[in-house]
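Just below is one structure, and these are the notes that go with it.
The values are calculated or read from the model by the stated rules, or taken from the named source; none is laboratory data. Owing to the predicted nature of the structure, the values given are computational and were not obtained by experimental measurement. Cβ atoms come from the backbone with ideal geometry, glycine included; neighbour counts cover every protein chain shown. All accessible areas refer to the heavy atoms of the entire protein, side chains included, with ligands and DNA or RNA removed. Shrake-Rupley method; radii C 1.70, N 1.55, O 1.52, S 1.80 Å.
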Amino acid sequence: MILLQSHSRFLLQTLLNRVQNLEKGVEFDNHWVEFDDVRYHIQVSLKNPHILLLSVSLPTPPPEAIFFGGLPSGAIEAIKAAYGVIVQILDPPRDGFNLTLKLNLSKLPPDEGYKHALLVKIASIRETVLGAPLRVILKQLAARTAASNMDRRFAIVHRPNESFFLVPQVGKVTVMFPMRFKDSVDIVLATSFLQEFVEARRTAGLNNAPSCMWSPSPPLELKGAPAETLSANAGFVTFVIYPRHVEGKRLDRTVWSLSTFHAYVSYHVKCSEGFMHTRMRRRVESLIQALDRAKPELEKSKKTMLSRSFKRMSLKEGRINSDS
């Protein structure tokens, strides 16, 4: 199974190319879209070659997800903590975007290793922003501090008009995903995939992984949630996160894995569908070859009552003879 990278590969490559040619006056204006409808816009002008403007548009939040100034809770603090003086948040952002950052590339550190790590972190702006509220809750879990939001249900946006839910509890955080798919084939494959996903968690080698459950009906923690948020045609997946899952460097990996869980499932559903299509095509080709081998190589001529022989012609051959 493949895990998605936390950084945008195109954004990272663009930043690296710009840093390597910082003295060259190059003007460019690029737009692109990545999975879950996250849109980027990057711009550099000839007038200020050291300044780069990066705008990000997030998925449209559903009513139950709380945004402050167009951003998830804690996003501004997370950006300042992650990037420091190299990044300035522009207010208001560019039209059509939730966030615009002004990057001063001349303030990058001279050390190549640290510089590359910082550029990778900038290319992970999606994780920094969308994962901000999740990170705050999981940090409290790692610190084992009793938060005031205990047993309160939080909705965190991860796809257009869709969210997943968190319920902080004593010593753990329960994370619930309503799984929705548009295509009927995807629904069947996803349901089967998720059931196998739960079974795989029970193997001996995954004893330390978060406990995982699948149910066709909403879990009890979602009791009282709006009806439209509980319409999941592929069931509900529940993870229980304990402090050991978010200690040290595990925090970043857990935040990213939870934030992109639906995209992870969708990716493997599409891969399974493509694999089955390939197998079916190969099977049809093998059957056609078997039928071709069963045909006689030479057609036997048939004779009439007058001992005259004739050969049955195909429609194409008949047309050729008639034209001649």
Inset, instruction - Describe numerically, in nm with one decimal, the distance between label points set 7 Å from Cα along Cα→Cβ at residue 244 and at residue 9. - result: 3.5
Legend entry - Heavy-atom surface of the stretch 1-143, accessible at 1.4 Å and reported per residue (Å²): 51
Legend entry - Sulfur and carbon atoms: percent of accessible area, the chain [1.4 Å]: 55
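Pull out the extension gain between residue 161 and residue 31, defined as 0.36 nm times the separation in residues minus the alpha carbon to alpha carbon distance; nm, one decimal. Could the numbers behind the result be given before it?
On the way: separation 130, 0.36 × 130 = 46.80 nm, distance 2.22 nm.
Result: 44.6 nm gained on full extension.
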Inset, instruction - Set the Förster radius R0 to 30 Å, insert the Cβ-Cβ distance between residue 89 and residue 64 as r into 1/(1 + (r/R0)^6), and round the FRET efficiency to 0.05. - result: 0.70
Legend entry - Charge dipole of the chain about the Cα centre (unit charges at C-beta), most positive-ward option of 267, 106, 46: 267
Legend entry - Overall Cα dimensions of the stretch 229-283, principal axis frame, Å, largest first: 49, 30, 13
Legend entry - Fraction of the pair-distance distribution of the stretch 185-278 above 22 Å, Cα-Cα pairs, percent: 38
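Suppose we take every Cα in the chain and form the convex hull; what volume per residue is that in Å³?
Details: hull volume 91.4 nm³, N = 324.
Output value, Cα hull per residue: 282 Å³.
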Inset, instruction - Starting from the stretch 232-302, pick out the GluC sites (Glu not before Pro) whose DSSP state is loop and whose Cβ has at most 16 other Cβ atoms within 10 Å. - result: 247, 297, 299
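Could you give the size of the charge dipole of the chain about its Cα centre, using +1 on the Cβ of each K and R and -1 on the Cβ of each D and E, expressed in debye and rounded to the nearest 20? Each step should come with its number before you reach the end.
Values: 43 positive and 30 negative charges, 267 e Å.
In debye, rounded to 20, the chain gives about 1280.
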Legend entry - Label-to-label distance, nm, for residues given as residue 228 and residue 104 (7 Å Cα→Cβ offset): 4.4
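Please compute the length gained on full extension between residue 46 and residue 273, using 0.36 nm multiplied by the number of residues separating them and subtracting their Cα-Cα distance.
Numbers: separation 227, 0.36 × 227 = 81.72 nm, distance 4.70 nm.
Gain on extension, residue 46 to residue 273, equals 77.0 nm.
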Legend entry - Simple Cβ-charge dipole of the stretch 8-101, Lys/Arg +1 and Asp/Glu -1, about Cα centre, in debye nearest 20: 340
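Using a probe radius of 1.4 Å on heavy atoms only, what accessible surface per residue do you get for the stretch 216-255? Whole Å² is fine.
Values: 2170 Å² over 40 residues.
With all protein chains present, the stretch 216-255 gives 54 Å² per residue.
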Legend entry - Computed helical MRE - 222 nm, the chain, DSSP H runs ≥ 4 contributing -39500 (n - 2.57), nearest 500: -12000 deg cm²/dmol
Legend entry - Dipole in debye (nearest 20) - the stretch 69-129, about Cα centre, beta carbon charges: Lys, Arg +1; Asp, Glu -1: 80
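Using alpha-carbon pairs under 8 Å, 6+ residues apart, how would you state the relative contact order of the chain in percent?
On the way: 438 pairs, mean separation 49.1, N = 324.
Answer for the chain is 15 percent.
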Legend entry - Within the stretch 1-37: backbone nitrogen closer than 12 Å to the residue 252 label point (7 Å, Cα to C-beta): 6-7
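Determine how many Å³ per residue the convex hull of the Cα atoms of the stretch 1-158 encloses.
Values: hull volume 23.7 nm³, N = 158.
Output value, Cα hull per residue: 150 Å³.
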Inset, instruction - Just grab the label-to-label distance for residue 20 and residue 287, each label 7 Å out from Cα along the Cβ direction, in nm (one decimal). - result: 5.1
Inset, instruction - Compute the long axis of helix 184-201 from its Cα atoms, compare it with the longest principal axis of the Cα atoms of the chain, and write down the angle in degrees, 0 to 90, nearest 10. - result: 60
Legend entry - Neighbourhood net charge (12 Å Cβ-Cβ; Lys/Arg +1, Asp/Glu -1) for residue 105: +3
Legend entry - Translational diffusion of the stretch 146-302, µm² s⁻¹ [Kirkwood Rh, Cα pairs; Stokes-Einstein; 20 °C; 1.002 mPa s]: 115
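To the nearest µm²/s, what D does Stokes-Einstein give for the stretch 60-143 at 10 °C and 1.306 mPa s, using the Kirkwood radius over alpha carbon pairs as Rh?
My calculation gives 112 µm²/s for D.
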Inset, instruction - Please say if the stretch 100-195 is rounded, prolate or oblate, where rounded means a/c under 1.5 for a ≥ b ≥ c the square roots of the C-alpha gyration tensor eigenvalues, and otherwise the choice is prolate for a/b larger than b/c and oblate otherwise? - result: oblate
Inset, instruction - Please arrange 31, 262, 268 by accessible surface area, largest first, computed with a 1.4 Å probe and ligands excluded. - result: 31, 268, 262
